[in-house]
Amino acid sequence: MNLLPAAAGARVLAFGEYQPANVVTNDDLAQRVETSDEWIQSRVGIKERRVAGPEDSVVSMGAAAGGKALAASGLAPADIDLVIVATCTLTEQIPNAAARVAARLGIEAPGAFDVNAACAGFCYGLGVASDSIRSGSARNVLVIGSEKLSDWLDWEDRSTCVIFADGAGAAVVAASDTPGIGPVVWGSSGDRADKIYLREGKYLYQEGQAVFRWATTELNGVAAEALRRAGVEAEQLTAFVPHQANLRIVEAIARKLGAPQAIIARDIVTAGNTSSASVPLALARMSERGELPSGSLVLTMGFGAGLTYSAQVLEIP
Ligand SMILES: CC(C)(COP(=O)(O)OP(=O)(O)OC[C@H]1O[C@@H](n2cnc3c(N)ncnc32)[C@H](O)[C@@H]1OP(=O)(O)O)[C@@H](O)C(=O)NCCC(=O)NCCS
């Protein structure tokens, strides 16, 4: 067997995003449950979020974001040979979302599978995409994070319904002569699976304070390890794009990163917590605003139910 790598590296060619049209403000939620704009903004950092209607699904939103990334990449549907959808909110588990997204986009006969690593899922998917390309199992990969958390919320539970939201983000990853995606650092802590789970099998439940403590005390080591494995110093980062769980968590991790020059993604303010969609959604929106110049280095990080976590460095296309 010839086990030489098939491609020296893999890199992102383009991002895409999709958000449902329906904007739900904190004042809207305050009419349903006992909460306030002041409480939500000060504890979570969210001003408004998007909530999908019946016309939007994990598959339709994923296809919309994926279609935009594909168009921006300059590749044709026929060029894509692997589709990965990170999601933990698919209501119909069979068949998977990836094959249905591929069919909607006219991508014929790709490898197609879903990744459920909760809010860490997109970074897991990106790691698998990069490794598949370098090993020769794929040439061009569409990686999507798509979530419809509104299907899994108890809209009477103020501790969750003010946090979570819907949306999708995507990246096209292709073979390249030089690596543009650093090694993924991933892990989990299944002994704490009870910190975020589906209550009665249908409503998202979390121990907010335990999750907060975990994220703000244990995840900086994951970020540091992703930088080390990519051979990148924190001072070289143009941006830090962590999972948009809670603005206070984002800012606490960012403070300890040692990268005062880096732009910190604060997409949660208008997008809410969209689980595995939050990192690619933020990347796409920051790119659209011109905040991520070509060639700049970005540290991404995901974390959530499982507990799972993941991080890697990306070079912006
Ligand atoms: C969920 C979270 C915002 C709660 O904030 P907190 O400061 O820990 O608040 P607590 O849970 O201690 O609750 C404090 C009080 O606010 C109340 N409260 C909870 N949600 C509320 C809301 N939406 N509006 C008003 N009050 C609320 C609680 O009932 C509690 O009231 P009490 O003191 O009378 O019992 C916070 O713990 C958090 O963000 N954790 C991380 C969760 C996360 O990021 N999860 C995603 C991981 S992917």
Determine if segment 259-282 includes at least one residue that is away from the ligand (no atom under 16 Å from the Cβ) and within 22 Å of Val58 (Cα to Cα). yes
Residue selected from segment 19-36 under the condition over 30 Å from Ala170 (Cα atoms) and of a type in the set (Ser, Thr, Tyr), by the criterion nearest to the ligand (Cβ to nearest atom): Thr35
Can you tell me which residue is farthest from Leu281 (Cα to Cα) among those in segment 220-251 that are open to solvent by less than 60 Å² (accessible area, probe 1.4 Å) and within 11 Å of the ligand (Cβ to nearest atom)? Ile249
Given the conditions (1) more than 22 Å from Arg100 (Cβ to Cβ); (2) hydroxyl-bearing (Ser, Thr, Tyr); (3) in contact with a strand residue (DSSP E or B) (Cβ under 9 Å, 6 or more places away or on another chain), and given that Ser42 satisfies all but one, which numbered condition is not satisfied? (3)
Answer yes or no: is there a residue in segment 275-286 that is open to solvent by 10 Å² or more (accessible area, probe 1.4 Å) and farther than 17 Å from Val143 by Cα. no
Matching helices (runs of 4 or more DSSP H) fully within segment 56-163 where at least 2 residues are in contact (Cβ under 8 Å) with a residue 60 or more places away in the chain: 58-73, 121-135, 158-161
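To keep it simple, each residue is scored yes or no on (1) basic (Lys, Arg); (2) in contact with a strand residue (DSSP E or B) (Cβ under 6 Å, 6 or more places away or on another chain); (3) surrounded by 15 or more Cβ atoms within 10 Å (Cβ to Cβ).
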{"position": "Ile196", "(1), (2), (3)": "no, yes, yes"}
{"position": "Glu200", "(1), (2), (3)": "no, no, no"}
{"position": "Tyr205", "(1), (2), (3)": "no, yes, yes"}
{"position": "Thr216", "(1), (2), (3)": "no, no, yes"}
Of the conditions (1) farther than 30 Å from Ala138 by Cα; (2) among the aliphatic types (A, V, I, L, M); (3) touching a residue at least 40 places away in the same chain (Cβ under 8 Å); (4) open to solvent by 10 Å² or more (accessible area, probe 1.4 Å), Ala210 satisfies every one except a single condition; which number is it? (3)
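Checking the conditions here, which among Thr25, Thr91, Thr87, Thr35 is of a type in the set (Ser, Thr, Tyr) and under 16 Å from the mean Cα position of the chain (by Cα)?
Numbers: Thr25 fails: under 16 Å from the mean Cα position of the chain (by Cα); Thr91 fails: under 16 Å from the mean Cα position of the chain (by Cα); Thr35 fails: under 16 Å from the mean Cα position of the chain (by Cα).
Residue meeting the stated conditions: Thr87.
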Among the residues in segment 53-75, are any on the phi > 0 side of the Ramachandran plot and open to solvent by 20 Å² or more (accessible area, probe 1.4 Å)? yes
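Pick out the one residue from Val44, Val24, Val12, Val33 that is of a type outside the set (Phe, Trp, Tyr) and buried (at least 24 other Cβ atoms within 10 Å of the Cβ).
Of Val44, Val24, Val12, Val33, the one residue that is of a type outside the set (Phe, Trp, Tyr) and buried (at least 24 other Cβ atoms within 10 Å of the Cβ) is Val12.
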Kindly evaluate Val172 against the criterion of being open to solvent by less than 60 Å² (accessible area, probe 1.4 Å), near the ligand (Cβ under 9 Å from one of its atoms) and either farther than 30 Å from Ala10 by Cβ or under 19 Å from the mean Cα position of the chain (by Cα) (or both). no
Just a yes or no: is a residue in segment 261-274 among the hydroxyl-bearing types (Ser, Thr, Tyr), touching a Lys or Arg at 6+ places or on another chain (Cβ under 9 Å) and not in a strand (DSSP E or B)? yes
Looking at segment 283-300, which of its residues are in a strand (DSSP E or B) and either under 22 Å from Tyr205 (Cα atoms) or more than 16 Å from the ligand (Cβ to nearest atom) (or both)? Leu297, Val298, Leu299
Tell me which of these Phe122 doesn't satisfy, since it passes every other one: (1) more than 16 Å from the ligand (Cβ to nearest atom); (2) crowded, with 24+ Cβ neighbours inside 10 Å. (1)
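Working only within segment 20-34, note down all residues that are farther than 18 Å from Glu156 by Cβ and outside any loop (DSSP other than H, G, I, E, B). If you could, list the steps in order and put the result at the bottom.
To start, the set of residues in segment 20-34 that are farther than 18 Å from Glu156 by Cβ comprises 20-23, 25.
Within segment 20-34, Val23, Thr25 meet the criteria.
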Can you pull out every residue in segment 128-149 that is out of contact with any Asp or Glu (no Cβ under 7 Å at 6 or more places or on another chain) and crowded, with 24+ Cβ neighbours inside 10 Å? Ala129, Ser130, Ile133, Val141, Leu142, Val143, Ile144, Gly145, Ser146
Any chance Asp79 is more than 18 Å from Ala168 (Cβ to Cβ), among the acidic types (Asp, Glu), within 16 Å of the ligand (Cβ to nearest atom) and modelled with pLDDT of 95 or more: no
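The values are calculated or read from the model by the stated rules, or taken from the named source; none is laboratory data. All of these numbers come straight from a predicted model, not from anything done at the bench. Heads up, the Cβs are rebuilt from the backbone with ideal geometry, glycines too, and the neighbour counts pull from every protein chain shown. Only protein heavy atoms, including side chains, enter the accessible area calculation; ligands, DNA and RNA are left aside. Shrake-Rupley method; radii C 1.70, N 1.55, O 1.52, S 1.80 Å.
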